[in-house]
1. Kindly indicate the residue of segment A:199-228 that is open to solvent by less than 50 Å² (accessible area, probe 1.4 Å) and within 19 Å of A:Leu156 (Cα to Cα) and also nearest to ligand 1 (Cβ to nearest atom) among those meeting that condition.
2. Identify, please: which residue in segment B:23-45 is open to solvent by 60 Å² or more (accessible area, probe 1.4 Å) and over 14 Å from B:Val126 (Cα atoms) and is, among those, farthest from the chain's Cα centre (by Cα)?
3. What tally of residues in segment A:258-302 results from selecting those that are crowded, with 16+ Cβ neighbours inside 10 Å and assigned to a loop (DSSP other than H, G, I, E, B)?
4. So, in segment A:102-128, exactly how many residues are outside any loop (DSSP other than H, G, I, E, B), at the interface with chain B (Cβ under 9 Å from one of its Cβ atoms) and touching a residue at least 12 places away in the same chain (Cβ under 8 Å)?
5. Only one of these is in the same structural domain as A:Phe16 (by TED's automatic domain parsing), within 16 Å of ligand 2 (Cβ to nearest atom) and either more than 24 Å from A:Asp202 (Cα to Cα) or open to solvent by less than 10 Å² (accessible area, probe 1.4 Å) (or both): A:Ser31, A:Ser43, A:Ser86. Name it.
6. Run B:Leu174 past the list (1) touching a residue at least 40 places away in the same chain (Cβ under 8 Å); (2) more than 15 Å from the chain's Cα centre (by Cα) and report the number of the one that doesn't hold.
7. Could you check, for segment A:63-71, whether at least one of its residues is in contact (Cβ under 8 Å) with a residue 40 or more places away in the chain, under 19 Å from A:Asp208 (Cα atoms), open to solvent by 40 Å² or more (accessible area, probe 1.4 Å) and away from ligand 2 (no atom under 16 Å from the Cβ)?
8. Quick check on segment B:21-50: of everything there that is over 30 Å from A:Arg154 (Cβ atoms) and free of Cβ contacts under 8 Å to residues at least 40 places away in the same chain, which residue is nearest to the other protein chains (Cβ to nearest Cβ)?
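The values are calculated or read from the model by the stated rules, or taken from the named source; none is laboratory data. Just so it is clear, the structure is predicted and the values come from calculations on it, not from any experiment. Cβ coordinates were reconstructed from backbone atoms using ideal geometry, including for glycine residues, and neighbour counts include every protein chain displayed. Surface areas here come from the heavy atoms of the whole protein model, side chains and all, with no ligands, DNA or RNA. Shrake-Rupley method; radii C 1.70, N 1.55, O 1.52, S 1.80 Å.
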Amino acid sequence: MSVIEARGLTKKFGDFTAVDAISFEVAPGESFGLLGPNGAGKSTTMRMIGGTSLRTDGTLTVLGLDPETHGPEVRASLGVVPQQDSLDEELRARDNLIVYGRYFGLPMDYLKPKADELLEFAQLTEKANAKVSALSGGMKRRLTIARGLVNEPRILLLDEPTTGLDPQARHILWDRLFRLKEQGVTLVLTTHFMDEAEQLCDRLVVIDHGRIVAEGAPQALIRQYSTREVVEVRFGSARNAEMEGVLREMTDRIEVLPDRILLYDDAGEALLDEINRRGLNPLTSLVRRSSLEDVFLRLTGRSLID
Amino acid sequence: MTRQDAVAPVSSGVTFSGLDHVELARRTRRWGWLHYSRYRQAAEKPFFWTAFVTAIGNPVLYLVAMGMGLGSLVQGDVDGVSYLWFVAPGLLVATVVSTGAQFGTWPIFGGFKWMKNYLAAQATPVEPWQMAVGEGLAISVRMFVQAFLFWLIGLAFGAWPGAASLLVVPIAMLASMAMFTPLMAYSATLEEEGLQFNFVQRLIVMPMFLFAGTFFPLASMPAYLQWIGWVSPMWHGTQLARIVSYGMENPPWLTVVHVVFLVGCIVGGLLVAARTFTRRLVR
Ligand SMILES: Nc1ncnc2c1ncn2[C@@H]1O[C@H](COP(=O)(O)OP(=O)(O)OP(=O)(O)O)[C@@H](O)[C@H]1O
Ligand SMILES: [Mg+2]
């Protein structure tokens, strides 16, 4: 049985369709990702799952319940990490966790040790008594994530969880999220970071303009929509356009971006050798493995670099 | 417990003790408004001293200026009693109602716009209508305390003829809520603050203060101004306060009207606020 099941899920704001008849399922214990550019409809979908945005059409069940009619029941089992922090800046870090836990009707003798545990999880033990307004952006983010765990959620909704975190904090968080998953928590996350999606998601959907354009495991999507390797070359903005014609002859697919040209080929090194042998002289060049970034470019025609 | 033990080697540091989520949801369905009001009380804590000093300072200033200063100029009795006895219940109610009006505007609007406290609560089982009721509860407790402090100060000034005057405390709280809840309902609809709150302060609260029978009986005003009293929680509250304080003569039907008006404003305000909160939060 899936813990989340969406069929033809649609959200319109007036005439504008933000989420356009998407269908997906999330299995218990799975880590499921929503990937897409700004405005794709990811956050709107997350809010519908929490029952705080009303769908225009389609069906949606979360843990077997309709979040619109059973909002409190659904949210009691949900941990929500919204895209924008909603901490109380005037309260101390620790009190933020406690006040939030109270909303679930949790008693103080549960919340006091829980708050300490969560501060530890967020590596904020030293800041327990600091006002939130005195925390850095990344610390606030970590506190928001920890707060979402106060009710021992069965499903954790993470809307761009690591935006604003430094690389080290991101890696620590990935590790902890992975462990939460091992503990049986279902993760649903959105992200703009392709490495994050590859690391964390068992399965993901790529959303563009409110529609699902691809679905699958990260590696499967890469195999399906991209080549094994990619050659990146730069000729400087002036020469990029002029090189396009020549390069197009050399392999099946190329993408010309404002600052570089990507050549898709299963044998990257050989292709780069050929480019150099013909004396095309790129300013810089590199061969790398395909990533979700390339899948994205292929599917949406846009790159997704933050 | 077994679940936790089984995964101990890779624990994230967060324990899963097997909380009963069904029970949590049931609890919040029933008590969510109370949970929310606790938040409001916690959020007000940093402002305790400012609030306390104001709650003590206001009555002192008003009673000195109006009761004794102005009162010394008033020749003879007003409504059969000394001016101090007449004006004290009015001042108490007017002060508490004004504070209620303040709470109904910026803090509510700011909660949606800047503070995000409603957004935070919305991600939990607490429902929007419970937030509105919870705000009401927290503010009414606060108003009760403020009214009681005013009453205590009044005692030192000899402003109360008898023990029954203590009833002005719940009456002031009621009147203040009658002002607070409709304003809260309105504030939840505002996306951008323009001149609305200045308008509320200058064209509703101020005139009420001056023309709703606080300083002189409504009946001594021209008939075409008396409606200001009739539509204001301040006047209805003040009249009730005078009845319990110095035993002001009032036809029973009119006393009933005062109570019904205040309760009507509170219930109506809460019903509308439940709607405007939901509209604002669930889109
Ligand atoms: N309350 C609203 N009223 C009107 N339009 C809205 C509202 N909320 C979202 N939208 C629109 O719906 C679309 C999807 O928004 P959403 O926030 O879901 O995007 P997203 O995929 O989360 O984007 P991002 O990566 O920038 O967070 C956007 O075009 C947005 O302008
Ligand atoms: Mg978003």
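1. A:Val205
2. Filtering segment B:23-45 for residues open to solvent by 60 Å² or more (accessible area, probe 1.4 Å) gives B:26-27, B:29-31, B:33, B:38, B:41, B:45.
Filter once more, so that each one left must be over 14 Å from B:Val126 (Cα atoms): B:41, B:45.
On the way: B:Gln41: 14, B:Lys45: 17 Å.
Among residues in segment B:23-45 that are open to solvent by 60 Å² or more (accessible area, probe 1.4 Å) and over 14 Å from B:Val126 (Cα atoms), the one farthest from the chain's Cα centre (by Cα) is B:Lys45.
3. The number of residues fulfilling the criteria is 5.
4. 3
5. Values: A:Ser31 fails: within 16 Å of ligand 2 (Cβ to nearest atom); A:Ser43 fails: either more than 24 Å from A:Asp202 (Cα to Cα) or open to solvent by less than 10 Å² (accessible area, probe 1.4 Å) (or both).
That would be A:Ser86, the only listed residue that is in the same structural domain as A:Phe16 (by TED's automatic domain parsing), within 16 Å of ligand 2 (Cβ to nearest atom) and either more than 24 Å from A:Asp202 (Cα to Cα) or open to solvent by less than 10 Å² (accessible area, probe 1.4 Å) (or both).
6. Failing condition for B:Leu174: (2).
7. no
8. Among those residues, the one meeting the criterion is B:Pro46.
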